[in-house]
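Note sheet for the following structure.
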C-alpha cells in the first residue's frame, strides 16, 4: 500500500463523516431484514417476475444507450461547432432532472396524445403501458451517464491516433472501428456499467410514463414501492436484493474500469 | 497547524449549524403555538381549508400539515414522529395506529368516500357502467389491490362478478387520475372526491355498485400530542358543522 502523502490529517474527519453517512443507511437496512424468511420473501412470484423484468428492460436500455450514446459522445468530443456546443447541455440535462419530471416530459412526447405519440398511435404503434415504455424511460435517464463518461474518456485520449491513422490512409469508418473504439474501451465499460445500474434503479420516470403492471411494466423498484404498502418485510428484503445486484454490477464489472476510464469523464 | 485546526473546526461547525437550523422550525414569536396534523393525501384540499378556519377561530395557533399516504403516515408515527392529530383514509391504517399504542382516544369517523369512473371530457368512449370498463379496446387504469382504492375496486369486481383487465395498477389514486387526465388511459377508477377535484378535465360516471366498497375516514388524537385540548378542538371542528360543510363541498359523504 502506498501512503497518501501531502494530505492534511484533518481532512480525514469530514471524509469519514461523509463515508459513514453514505454507508450507515445501507447497514441499517440490512440489519432490518427478516433473514429467516429472506429467501421466501425474494423468491415470491411477484418478486421474481419483477426481478426478471428489471433485468430484461435494463439490458435492453443499456444496449440502446450504447448504440446511441457512443456516437453521441464521440460527436460531442470531436466536433466543436456551435450547434454541438449548444446541444450538449440539453442532452446532459436529464442528469440533474428529477426522474418524475423526465416521465412527464416523455408522456408529452410519446404518450397517446403526445407530440410524436399521437402520430405513432395513429399508425397503430402504442407505447403507453408496454414494456417498451419502461425501456424508453430507462434509456432517457441513463443515456446521459454513458455519454458523459465516454465523452470524458474520448477527450482525454485525444484525436492524435485517429489523425495519424487517417494520414496513413485509413478510411473514417475503419479508423472508427480499429482506432477510436479500442482506445475508448475502458470508458465504454464504465459508461455501460453506470447506464445499466441507473436503469436498474429507475423509478420515477417509469411510474409516471409506463404505469405499473405485473410482468409488463412493474420493475423491481416499483414492486418495492408497492410492497411497502402492505408488507414492509418484503419491501426491505427486495431493497437489499436490489442493493446486492447493483453492488455486483458496480464492483464486479466496474470498480476497476470506473477508476481507469471514468475518472476522465467526471 | 493552528490555521488548519481552526479551519477544520469551522468545517465541522457547518453541518452542525445546518442540522440545527432544520430542527428549529417550531418555536415562533410570542406565544404562537403549532398544531401538527398528519392527514391522508386525499384530505389535502379540505383539511387545508379546515386548518385556516382553525387559525381564524384560534388566533394564537398555527396548523401544520403532513399530507401523505395513510400507511406512510402510520410508519412515520411508529418510527417516532411527533404529531397531535392523525386522520386516515381508511379504518385499516387507523387500526394499525391503535395497535401500535399511538392513539390517546378512540377514533371518530368523520367522512366517507366511494368509487367513481373517470374518463376523458365528454366521455368519448361512452362508458356508462362499471361493466362497460371491460369493453374491448378500452384502456383502463385502476389502483393496485395493495392500496385502499385498489382493494375497494377489487371488492366491487367481486360483488359484480366482473374481472377487469387494467393496463396498469397504480400505487396511488392520484397516479390513476393523472393517467386519465393526460389521455394515456381511456378510463380509470378513482374516488368521488378525486373526480370532483379534477373539475372539467374529466367526465365522471357514477355506478350504484360503488356502495359495496365505502371507504371510511377516521380521525384521532395522538398520544404524542403536545396540547390535548387543541387536538380535541381540531377534531371537533372537523366533525362539527363547519368542517362537515367543507368536506361535503369536496364530495365527501357522511361516514
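Derivation of every value follows stated rules applied to the coordinates shown; laboratory data play no part. As the structure is a computational prediction, the values presented were derived from the model and not from experiment. Using ideal geometry, Cβ is built from the backbone for each residue, glycine included, and neighbour counts are taken over all protein chains shown.
For segment B:128-155 and segment B:97-119, write down the distance between their C-alpha centroids in whole Å.
22 Å
Quick one: Cα centre-to-centre distance for segment A:210-236 and segment B:232-255, in angstrom?
A separation of 34 Å, based on Cα centres.
With r as the distance between the Cβ atoms of residue A:11 and residue B:98 and R0 = 51 Å, compute the FRET efficiency 1/(1 + (r/R0)^6) and round to 0.05.
Taking R0 as 51 Å, the efficiency between residue B:98 and residue A:11 is 0.50.
At residue B:227 and residue B:241, where each label point lies 7 Å from the Cα along Cα→Cβ, what is the point-to-point distance in nanometres?
Distance between label points: 2.5 nm.
Count the DSSP beta bridges whose two residues both fall in the protein assembly as shown, then state the antiparallel fraction as a percent rounded to the nearest 5.
Rounded to the nearest five, the antiparallel share is 55 percent.
Take residue A:75 and residue A:185, extend 7 Å from each Cα along the Cα→Cβ direction, and tell me the distance between the two endpoints in nm.
2.7 nm
Using a 10 angstrom cutoff on alpha carbons, build the Gaussian network for chain A and name the most mobile of A:51, A:226, A:194.
Most flexible of the set in this elastic network: A:226.
Gain in length, residue A:232 to residue A:178, computed as 0.36 nm per residue apart minus the alpha-carbon separation, to one decimal in nm?
Full extension of this stretch gives 14.2 nm more.
Average partner chain C-beta neighbours within 10 Å, per residue of A:8-19?
If you average over the peptide's residues, the count of other-chain Cβ atoms is 3.
Using R₀ = 60 Å, calculate the FRET efficiency as 1/(1 + (r/R₀)^6) where r is the Cβ-Cβ separation of residue A:119 and residue A:37; round to 0.05.
Efficiency, rounded to the nearest 0.05: 0.75.
GNM, chain B, Cα, under 10 Å: largest mean-square fluctuation among B:212, B:238, B:176?
B:212
What is the distance, in nm, between label points placed 7 Å from the Cα along the Cα-to-Cβ direction at residue B:212 and at residue B:45?
According to this spin-label approximation, the distance is 2.9 nm.
In percent, what relative contact order does chain B have, based on Cα pairs under 8 Å that are 6 or more apart in sequence?
26 percent
Of B:36, B:215, B:123, which has the largest mean-square fluctuation in a 10 Å C-alpha GNM of chain B?
B:123
Apply 1/(1 + (r/R0)^6) to the Cβ-Cβ distance of residue B:129 and residue A:171, taking R0 = 60 Å, and write down the FRET efficiency to the nearest 0.05.
Taking R0 as 60 Å, the efficiency between residue B:129 and residue A:171 is 0.35.
Suppose a student asked you for the relative contact order of segment A:40-265, using Cα pairs under 8 Å spaced at least 6 residues apart; what percent would you report?
Relative CO of segment A:40-265 lands at 32 percent.
Between residue B:60 and residue B:31, 0.36 nm times their residue separation minus their Cα-Cα distance comes to what?
9.8 nm
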